[in-house]
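Report on one structure; see the data block that follows.
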Amino acid sequence: MKTILAFETSTAILCVALGTRDGKIRELRSRGAFQHSENLIPLVDRLLKRERLSLADIDAFAIDRGPGSFTGLRIGMSLLKGLLAARKRPCYGGTSLDIITAPMVLPEGSRLGVLRDARRGKIYSRFYRF
């Protein structure tokens, strides 16, 4: 198993997570009125230090591709692009709606709809069949 550094920047809650080779998942969150540009790098740094790791220990990156705040997504993608420029590593992306459904175990043939507030009277939606 790889050590994967992941971050989610498309919502008001900034999240940085680390999946380690021993199967543990650690995460840090920051709530702020979309202050992701100020908080993302310090949050990544704090998580790596807490786990006694450096960027050299990261085998792959993962990122939320949205839907969500366009500015938030740009902030996350910009950091990812900088990290990949410094150290070439595999990168994985997923939608926030797919990430919400990932841990669910439903009977075969089940259907599931995921809705997320997009603000301004709109919603993001995705429907799944298992």
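The values are calculated or read from the model by the stated rules, or taken from the named source; none is laboratory data. Because the structure is a prediction, the values reported are computed rather than measured. Because the Cβ atoms are built from the backbone with ideal geometry, glycine has one as well, and the counts that use them run over all protein chains shown. Each accessible area value is taken on the protein alone, full model and side chains, heavy atoms only, with ligands, DNA and RNA left out. Shrake-Rupley method; radii C 1.70, N 1.55, O 1.52, S 1.80 Å.
Of note:
- Any hit, segment 40-53, residues being under 12 Å from Gly72 (Cβ atoms) and of a type outside the set (S, T, N, Q): yes
- Members of segment 63-73 that are in contact with a helix residue (DSSP H, G or I) (Cβ under 9 Å, 6 or more places away or on another chain) and either without any contact (Cβ under 8 Å) to a residue 12 or more places away in the chain or not in a helix (DSSP H, G or I) (or both): Ile63, Asp64, Arg65, Gly66, Pro67, Gly68, Ser69
- Filter result (among the hydrophobic types (A, V, I, L, M, F, W, C) and in contact (Cβ under 8 Å) with a residue 12 or more places away in the chain) within segment 105-119: Leu106, Leu112, Val114, Ala118
- Residues of segment 85-112 satisfying the condition of being open to solvent by 40 Å² or more (accessible area, probe 1.4 Å) and part of a helix (DSSP H, G or I): Ala85, Ala86, Asp98, Ile99, Ile100
- Scanning segment 1-43 for residues that are over 12 Å from the mean Cα position of the chain (by Cα) and of a type in the set (A, V, I, L, M) turns up Met1, Ala12, Ile25, Ala33, Ile41, Leu43.
- Qualifying residue in segment 114-129 (condition: of a type in the set (Phe, Trp, Tyr), over 16 Å from Thr9 (Cβ atoms) and surrounded by 11 or more Cβ atoms within 10 Å (Cβ to Cβ)): yes
- Residues that are of a type in the set (Val, Ile, Thr), open to solvent by 40 Å² or more (accessible area, probe 1.4 Å) and under 17 Å from Arg65 (Cα atoms) within segment 12-46 comprise just one, Ile13.
- Set Asp22, Asp45: member being of a type in the set (Asp, Glu) and assigned to a loop (DSSP other than H, G, I, E, B): Asp22
- Hey, Ser54 closer than 22 Å to Arg120 by Cβ and either among the aromatic types (Phe, Trp, Tyr) or open to solvent by 30 Å² or more (accessible area, probe 1.4 Å) (or both) or not: no
- Here Ala60 meets each of (1) in contact with a strand residue (DSSP E or B) (Cβ under 8 Å, 6 or more places away or on another chain); (2) free of Cβ contacts under 8 Å to residues at least 40 places away in the same chain with one exception, condition (2).
- Ile100 over 23 Å from Leu18 (Cα atoms) and out of contact with any helix residue (DSSP H, G or I) (no Cβ under 9 Å at 6 or more places or on another chain): no
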